[in-house]
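Heads up: the structure comes next, in structure tokens.
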Amino acid sequence: MTKDIFVTKPSLPPLSDFIPYLEKIWANGILTNGGPFHTELERRLCDYLGVPFISLFNNGTIALVTALQALAGDGEVITTPFSFVATAHAVLWNGQTPVFVDVEPDSLNLDPAKVEAAITPRTTAILPVHCYGNPARVQELAAIARRHGLKLIYDASHAFGVNDATGSVLNHGDLSTLSLHATKVFNTFEGGAIISHSAEMKDRIDKLKNFGHDGEVSVVATGINGKMSELNSAVGLAQLGHIDGYLARRAEIATLYRAGIDGIAGLDYLSPALGGTRPNHAYFPILVQPDYPISRDELFRKMKAQGVHPRRYFYPLITEFEMYRRLPSASAVNLPVARVMADRVLCLPIYPDLTDGDVARVLDLLRAG
Ligand SMILES: *Cc1c(COP(=O)(O)O)cnc(C)c1O
């Protein structure tokens, strides 16, 4: 019996790296509310990522909800249907209206030309995703936001460690959010973060993630409990010692996949040029084109029957779900590219522990068709 290969396997540092943190937590009795490991992880992530201010969160969804709460106000938020459902849920949680705009076929990121066409007097913000860790069209989106006086908030959940020619991709926009969930490139088991650009904004976000408390006796906003615990912060500190190794192994796997897929008619991968100057290879999406011998879903089923479990991220589109499908912007005619791509895409297994032999097994199944 061969082993099952899943699309991802969470990265874990050696347990021996983690034990000293546990001993300190047990010794000092500080479990949460901005303890020493929380403070240290914020500082070390600013250094590692090259960003000015980070606020850690208990997960990426609450970070997104809080970022939109901090900036977007009431009204419409333009976003992509080609993402994990939390992107749009965060808009609904704030009582705002998501307006879905189509993606570009090469990158599967928001199409700036179509963003501009979707702006109305009620639009308050644009919420793009750096899908698969490939940077969105940050310059065009910044120009549109400036022209129309809109806030620009990136769901950068996939983009940990990604740089473009200007540095960290997390520095674009008014705010960027990260997910540090187990399935992401860098994880604290559960976790998230908001990257901001001034001490005042970080202070505002830090209040919002602590019930809106401003000191002991004053509550200034309808904040939530978004705090990251000391245990999760310690996991992050232990992971940071290994992140460069994780990223290097992901890059090797991506190279192996590309070489293999180059020889298979009907399968394409996204252009490596989309990944920026320092890609993170968070995902390895392929497109199963019409000239491949079988459909994407047949391939998906055949692979699963052989113990290889790719994922069809992002099928179904967010706009297919019950709470979104009746919105005017969720209509099929509004999202032709996203709809075609959602039926072609397949994300292959990629994670640091994946062996060359595992990659060969995946490629053999793709070749068999
Ligand atoms: C993972 C993810 C989220 C949610 O993050 P959690 O940490 O799981 O709450 C949001 N948006 C995108 C695009 C994601 O991939």
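Out of curiosity, is P81 in contact (Cβ under 8 Å) with a residue 12 or more places away in the chain and surrounded by fewer than 24 Cβ atoms within 10 Å (Cβ to Cβ)?
Criteria not met by P81.
Determine whether S271 is open to solvent by 50 Å² or more (accessible area, probe 1.4 Å), at pLDDT 95 or above and closer than 21 Å to P135 by Cβ.
So S271 passes the test.
Does at least one position in region 30-43 carry a residue that is within 20 Å of the chain's Cα centre (by Cα) and surrounded by fewer than 23 Cβ atoms within 10 Å (Cβ to Cβ)?
yes
I'd like the full set of residues that are part of a loop (DSSP other than H, G, I, E, B), under 11 Å from P135 (Cα atoms) and within 15 Å of the ligand (Cβ to nearest atom), limited to region 161-190.
V162
For residues that are within 18 Å of K9 (Cβ to Cβ) and either open to solvent by less than 20 Å² (accessible area, probe 1.4 Å) or at pLDDT below 95 (or both), tally how many sit in region 304-321.
Qualifying residue count for the region: 3.
Out of M323, M303, which single residue is within 30 Å of Q96 (Cβ to Cβ) and of a type outside the set (S, T, N, Q)?
M323
Would you check if Y269 is in contact with a strand residue (DSSP E or B) (Cβ under 7 Å, 6 or more places away or on another chain) and of a type in the set (S, T, Y)?
Yes: the conditions hold for Y269.
So which residues in region 262-318 are among the β-branched types (V, I, T) and either touching a helix residue (DSSP H, G or I) at 6+ places or on another chain (Cβ under 7 Å) or under 14 Å from A342 (Cα atoms) (or both)?
I264, I286, V288, V308, I318
Taking only region 9-23 into account, find how many residues are surrounded by 15 or more Cβ atoms within 10 Å (Cβ to Cβ), in a helix (DSSP H, G or I) and not aromatic (F, W, Y).
1
Out of all the residues in region 141-160, which are away from the ligand (no atom under 14 Å from the Cβ) and in contact with a Lys or Arg (Cβ under 8 Å, 6 or more places away or on another chain)?
Passing the criteria: only A145.
Does region 57-78 contain at least one residue that is open to solvent by less than 10 Å² (accessible area, probe 1.4 Å), part of a strand (DSSP E or B) and farther than 20 Å from F186 by Cβ?
Yes: region 57-78 contains one or more residues that are open to solvent by less than 10 Å² (accessible area, probe 1.4 Å), part of a strand (DSSP E or B) and farther than 20 Å from F186 by Cβ.
Would you confirm, using the coordinates I've provided, whether A63 is among the hydrophobic types (A, V, I, L, M, F, W, C), within 10 Å of the ligand (Cβ to nearest atom), assigned by TED's automatic domain parsing to the domain that holds G191 and in contact with a Pro (Cβ under 6 Å, 6 or more places away or on another chain)?
No: the conditions fail for A63.
Quick check on this structure: which one of S295, S329 is more than 23 Å from the chain's Cα centre (by Cα) and either modelled with pLDDT of 95 or more or on the phi < 0 side of the Ramachandran plot (or both)?
From the options S295, S329, the qualifying one is S295.
The values are calculated or read from the model by the stated rules, or taken from the named source; none is laboratory data. Here the structure is a predicted model, which is why all the values come from computation and not from measurement. Counting neighbours? That spans all protein chains shown, and the Cβs are built from the backbone with ideal geometry, glycine included. Surface areas here come from the heavy atoms of the whole protein model, side chains and all, with no ligands, DNA or RNA. Shrake-Rupley method; radii C 1.70, N 1.55, O 1.52, S 1.80 Å.
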